[in-house]
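Below is one structure, written out as structure tokens; the observations come after it.
The values are calculated or read from the model by the stated rules, or taken from the named source; none is laboratory data. Keep in mind that what you see is a predicted model, and the values were worked out from it rather than measured. As a convention, Cβ positions derive from the backbone with ideal geometry for all residues, glycine included, and neighbour counts pool all protein chains shown. Note: accessible area is taken over every heavy atom of the protein model, side chains too, but ligands, DNA and RNA are not part of it. Shrake-Rupley method; radii C 1.70, N 1.55, O 1.52, S 1.80 Å.
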Amino acid sequence: SNDERTFVMAKPDAVQRGLVGTIISRLEERGLKLAGAKFMQIDEELANQHYAEHQDKPFFDELVAFITSGPVMAMVWEGADATRQVRQMMGATDPKEAQPGTIRGDFGLDLGQNIIHGSDHEDPGANEREIDLFFDEEELVDYERSDEPWVYE
Ligand code: DAT
Ligand code: MG
């Protein structure tokens, strides 16, 4: 089905570096459909919930400090295999290992400031969980993009 939804976030470094538009363009041009967006500042409580799986890691405090350090663009993107496709477009977690052509590989050089978050496709339910954490159902929009018949046969 073409309506899989995934949670994507342009992190504080992307906002400060003026990369939000570029990130949106890449996903948009791929044929993925924007279903929701929220420009916001993440507080400590939300950061703790969002990164709960990493709470025992040595980098956790640094991670929470970074993600709460400035505004982010939180988004929901929809499309066929959206979760895995976004992860592929993001590239490896460490931008130094990410392939050119990926978002992290084209714009980042530091593991701690890696520009974009996308739900983990290897963690079943992570996409739904993260969408629910950041968005109310009525903040997500169902609509058709006019190019859909040209993206999906
Ligand atoms: P991803 O964001 O690719 O899903 P992750 O879930 O393993 O990666 O980690 C979440 C974020 O934490 C990641 O985007 C950057 C940071 N991070 C991961 N591993 C790290 C490490 N070893 N040192 C510092 N920061 C790290
Ligand atoms: Mg992850």
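For the reader, a short list of remarks on this structure follows.
- Taking the 1.4 Å solvent-accessible surface of segment 1-145 as the whole, the part contributed by carbon and sulfur is 46%.
- Label positions at residue 92 and residue 110, each projected 7 Å from the Cα along the C-beta direction, are separated by 2.0 nm.
- Rounded to the nearest 10 square angstrom, residue 84 shows an accessible area of 100 square angstrom against a 1.4 Å probe.
- Rg/Rh for segment 1-43 stands at 0.99; both radii use Cα atoms, and Rh follows the Kirkwood definition.
- In angstrom, the C-alpha Rg and Dmax of segment 105-149 are 15.0, 39.
- Here is how the number arises for the chain: DSSP H runs of 4 or more residues each give -39500 (n - 2.57), the sum is divided by the residue count, and the result at 222 nm is -9500 deg cm²/dmol.
- Start at zero, step by 5 Å, and the Cα-Cα distances of segment 34-153 spread as 2, 10, 17, 21, 24, 16, 6, 3, 1, 0 percent across the bins.
- For the chain, the solvent-accessible area of protein heavy atoms averages 55 Å² per residue (probe radius 1.4 Å; ligands and nucleic acids excluded).
- With a Cα cut-off of under 22 Å and a minimum spacing of 8 residues unless on different chains, the lysine pairs in the chain number 5.
- Dividing the Cα radius of gyration of segment 1-85 by 2.2 N^0.38 Å, with N the residue count, gives 1.17.
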